[in-house]
Number of protein chains: 2
Amino acid sequence: MTASRRSPRISRRGFLTGAAGVAGAGIGAAAVGFGVERSSHDAEPARQTLEFYGAHQAGITTPPQSHANYIGLNLKDPNDLGTLGGILTLWTQDGARLTRGEPGLSDPEPELATAPSRLTVTVGVGPRVFATAALADRRPSWLAPLPSFSIDRLQERWGQTDLLLVTAADDPVTLAHATRILTAAVRTIAPVTWIQRGFRTARGTQPDSQTQRNLFGQLDGTEQPPRQRDDELIWNDGADQPWLAGGSSMVIRRIEMNMDTWEELDRGPRELVMGRTLDNGAPLTGTHEHDEPDFEKTQGGIPVIPASSHIARARRRADHEQYLRRAYNYDDGVGETGLIFSTVQADPVRQFLPSQQRLAEHDDLNEWTVPIGSAVYALLPGATEDSPLGASLLASVGTASGVAAGG
Amino acid sequence: MTASRRSPRISRRGFLTGAAGVAGAGIGAAAVGFGVERSSHDAEPARQTLEFYGAHQAGITTPPQSHANYIGLNLKDPNDLGTLGGILTLWTQDGARLTRGEPGLSDPEPELATAPSRLTVTVGVGPRVFATAALADRRPSWLAPLPSFSIDRLQERWGQTDLLLVTAADDPVTLAHATRILTAAVRTIAPVTWIQRGFRTARGTQPDSQTQRNLFGQLDGTEQPPRQRDDELIWNDGADQPWLAGGSSMVIRRIEMNMDTWEELDRGPRELVMGRTLDNGAPLTGTHEHDEPDFEKTQGGIPVIPASSHIARARRRADHEQYLRRAYNYDDGVGETGLIFSTVQADPVRQFLPSQQRLAEHDDLNEWTVPIGSAVYALLPGATEDSPLGASLLASVGTASGVAAGG
């Protein structure tokens, strides 16, 4: 545990080594996607920490950890803003401690907190938080359920909740413990509705900058926005809702993948469905993963990349249609296999929805994938030691927390 | 992929560095428990492999990987020994390939096989395999359900199956893929009944020789048999059933842990329940984890380690009451938390059952733990390239596989 107390004013969570660093890793990736952030990356993996405090929450542009728990909770009384403030203050205190490798404030298993393993704790709020009169005019315009799509087979058990808590770490025991501490502390006032447990390849299996594969074997997340444009594409600028400046939004789509029928396809057809090769993810018109797809190219009069393929349908029609993909695999029960497709963007309606609508209208891949869960959250701005999560949201609404946090 | 083809006659999976190596790691552990086995441990973690072929199956005394899937399958027709032989041959072929970092024989996602990450594939058979006349006299005398215990609240969904497949690896994507390949290949003849997914701390968080903690925060698995006695305590000697020489047995108990009520206890009472301290696992009469507990010691006339505590009840009454613990944590759904308590021993009735009976009669810990699943399997002897898993079991029983495998 190397965590030192820094002044919140000068603490900066992320140090982005930038394009040169990424290219230097020899991956040939463009300066897109997740940066190489660090707080204590010189430490051995189990001791590595990511700073909790900062202008933005950790766990949003952070290179994804091996394991993540997406946790949906509902407030017993969404009108009780004092309780909401209490929850967010508690998550701030315990989040800051646990991510440093320290036990939670009243942690019954302090020994399980000693290997932070890049733990992050990230918090969002759902639409119902703004249903109460005091917050009605603070709702971001885009914070509402996505329109329903004909491809959806949504199950209520994976639906929208009032609160989102995302815990993520490279060590599954650390993660289980952090999840336990943060959820047990609020269980009488905000019980857990669902937990979606996701995984990616173990830390160290491949460089952070390399695109990972989903359980269909596809490289998943090739298209990522350039990190240089985070302030525009990821972080809310506060123009619509000043309290949200430095926050963001997260869409969580739970997508079941039908392994049995997918595996009936030969490799050629599977590549046509995607528009990319399976081996290195290159567009069918290129040779490397990050080659620009050529949707005009034909062979014998037929487009090399089918117009109905996943990448042809997904590709952005406008520059602003960019969002960060943070996908995790899930593999639960017997044959419950799929993807927790979570995306981050400043404005989901403007940046995410257009491509989602095109994919819902038609995407060859839809035959093997079924969205079974959908939810949208406002990710809160970052906390400092003086100002807990949600302070700007609850400022001057007449609650104890709001007053304490205001200013 | 550094796997080289070796002659099965000279291939030896495990190279045990032994007591000196373990002590040299500075952990202060006795030469008990899991050895430091290696096949390709000089490679980076994702490329490390454990040899599939050998006198014994891998994954039994192998230091536990971070993730394991315990998979129970039932044969559609347990009388069809030809089909059983086919399944075991297929698992041998694909097990040998996947554990080397090579795709399965007809692997739809070969790219997911490239990071073996110490993958092991381990196979056992349940009692119903011996219900058919041809195998009736090959049933090991101990291969039967454990007697029912008053503490049990067994759920049929976690019950005995015909076949056991254990896949384990340090990378969760590699593991999901191997599980998929091995189960999909047999799904029409041996569908999966349950999968129990378990985890331990991530590879590298702590040395293999160090005892891990369960989700109650207890050091779990301090008592392990000395590796020097594997031939006596772990490996079947073939005296009862010659075909099983080199095999073993596995008991799998799924034990739900009630986090809510456990966490209501203060630290002192929790330590009295166990008979060990929470911080370093030392018996309450000692200072280090591996100190011998002194059950006679009293303070003010009261035993320091309560006679009803877990370690007082569990401790062996005879030298042969020793077995290897391979416990994995589970954390599923909302609040489904516990331990996949799997044990390995040459004879479960002689070695495991006595302490299990004592614990069922009384163990202070029983108030917070509930066994909800129980199953017993014979772990097959190891395979060679000439002789697949189950060859000795099925030899000369008049099936195609049996004939092919015999001799």
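Looking across B:G333, B:G338, one residue alone is farther than 26 Å from B:S141 by Cα and at pLDDT below 95. It is B:G333.
Among the residues of this structure, A:T99 does not count as one that is buried (at least 21 other Cβ atoms within 10 Å of the Cβ), of a type in the set (S, T, N, Q) and within 11 Å of another protein chain (Cβ to nearest Cβ). Yes or no: the range B:304-319 includes at least one residue that is part of a strand (DSSP E or B), more than 14 Å from chain A (Cβ to nearest Cβ) and buried (at least 17 other Cβ atoms within 10 Å of the Cβ). No, the range B:304-319 has no match at all. Among the residues of the range A:354-387, those identified as part of a loop (DSSP other than H, G, I, E, B) and either open to solvent by 40 Å² or more (accessible area, probe 1.4 Å) or of a type in the set (S, T, Y) (or both) are A:H362, A:E385, A:D386.
Among the residues of the range A:274-303, what is the count of those that are part of a loop (DSSP other than H, G, I, E, B) and within 14 Å of chain B (Cβ to nearest Cβ)?
Residues flagged as part of a loop (DSSP other than H, G, I, E, B) and within 14 Å of chain B (Cβ to nearest Cβ) within the range A:274-303 amount to 7.
Test A:S106 against the stated conditions and say whether it is hydroxyl-bearing (S, T, Y), open to solvent by 10 Å² or more (accessible area, probe 1.4 Å) and either under 17 Å from the mean Cα position of the chain (by Cα) or within 14 Å of chain B (Cβ to nearest Cβ) (or both). Criteria met by A:S106. Scan the range A:203-219 for residues that are within 11 Å of another protein chain (Cβ to nearest Cβ) and in contact with a strand residue (DSSP E or B) (Cβ under 9 Å, 6 or more places away or on another chain) and the total you get is 7.
Applying the criterion of being within 14 Å of chain B (Cβ to nearest Cβ) and part of a strand (DSSP E or B) to the residues of the range A:330-353, the residue that is surrounded by the fewest Cβ atoms within 10 Å (Cβ to Cβ) is A:E336.
Would it be correct to say that B:Y323 is crowded, with 21+ Cβ neighbours inside 10 Å and touching a helix residue (DSSP H, G or I) at 6+ places or on another chain (Cβ under 7 Å)? It is true that B:Y323 is crowded, with 21+ Cβ neighbours inside 10 Å and touching a helix residue (DSSP H, G or I) at 6+ places or on another chain (Cβ under 7 Å). Just name the residue that is farthest from the chain's Cα centre (by Cα) out of those in the range B:217-228 that are more than 16 Å from B:R316 (Cα to Cα) and open to solvent by less than 60 Å² (accessible area, probe 1.4 Å). The extreme case among them is B:G217. Under the condition of being out of contact with any helix residue (DSSP H, G or I) (no Cβ under 9 Å at 6 or more places or on another chain) and in a helix (DSSP H, G or I), the residues counted in the range B:241-268 number 2.
When you check A:L284 against the structure, is it hydrophobic (A, V, I, L, M, F, W, C) and open to solvent by 50 Å² or more (accessible area, probe 1.4 Å), yes or no?
no
Residue check: B:E111 meets all listed conditions (1) open to solvent by 30 Å² or more (accessible area, probe 1.4 Å); (2) within 14 Å of chain A (Cβ to nearest Cβ); (3) part of a loop (DSSP other than H, G, I, E, B) but one, namely (3). Out of curiosity, is B:R200 facing chain A (nearest Cβ under 8 Å) and farther than 22 Å from B:G86 by Cβ? Spelling it out, B:R200 is indeed facing chain A (nearest Cβ under 8 Å) and farther than 22 Å from B:G86 by Cβ. The sole residue among B:E232, B:E223, B:E271 that is in contact (Cβ under 8 Å) with a residue 60 or more places away in the chain, in a helix (DSSP H, G or I), more than 11 Å from every other protein chain (Cβ to nearest Cβ) and on the phi < 0 side of the Ramachandran plot is B:E232.
Mind checking whether some residue in the range A:323-341 is touching a Leu at 6+ places or on another chain (Cβ under 7 Å), of a type in the set (S, T, N, Q) and under 30 Å from A:G238 (Cβ atoms)? No, there is no match, as no residue in the range A:323-341 is touching a Leu at 6+ places or on another chain (Cβ under 7 Å), of a type in the set (S, T, N, Q) and under 30 Å from A:G238 (Cβ atoms). Taking the range B:133-187 as the range and being within 13 Å of another protein chain (Cβ to nearest Cβ), open to solvent by 10 Å² or more (accessible area, probe 1.4 Å) and in a loop (DSSP other than H, G, I, E, B) as the test, the residues that pass are B:D170, B:A185, B:R187.
The values are calculated or read from the model by the stated rules, or taken from the named source; none is laboratory data. A quick note: this is a predicted structure, and the numbers were derived from the prediction, not measured. Note that each Cβ is placed from the backbone with ideal geometry, even for glycine, and that neighbours are counted across all protein chains shown. To get the accessible areas, we keep the full protein, side chains included, count just its heavy atoms, and leave off ligands, DNA and RNA. Shrake-Rupley method; radii C 1.70, N 1.55, O 1.52, S 1.80 Å.
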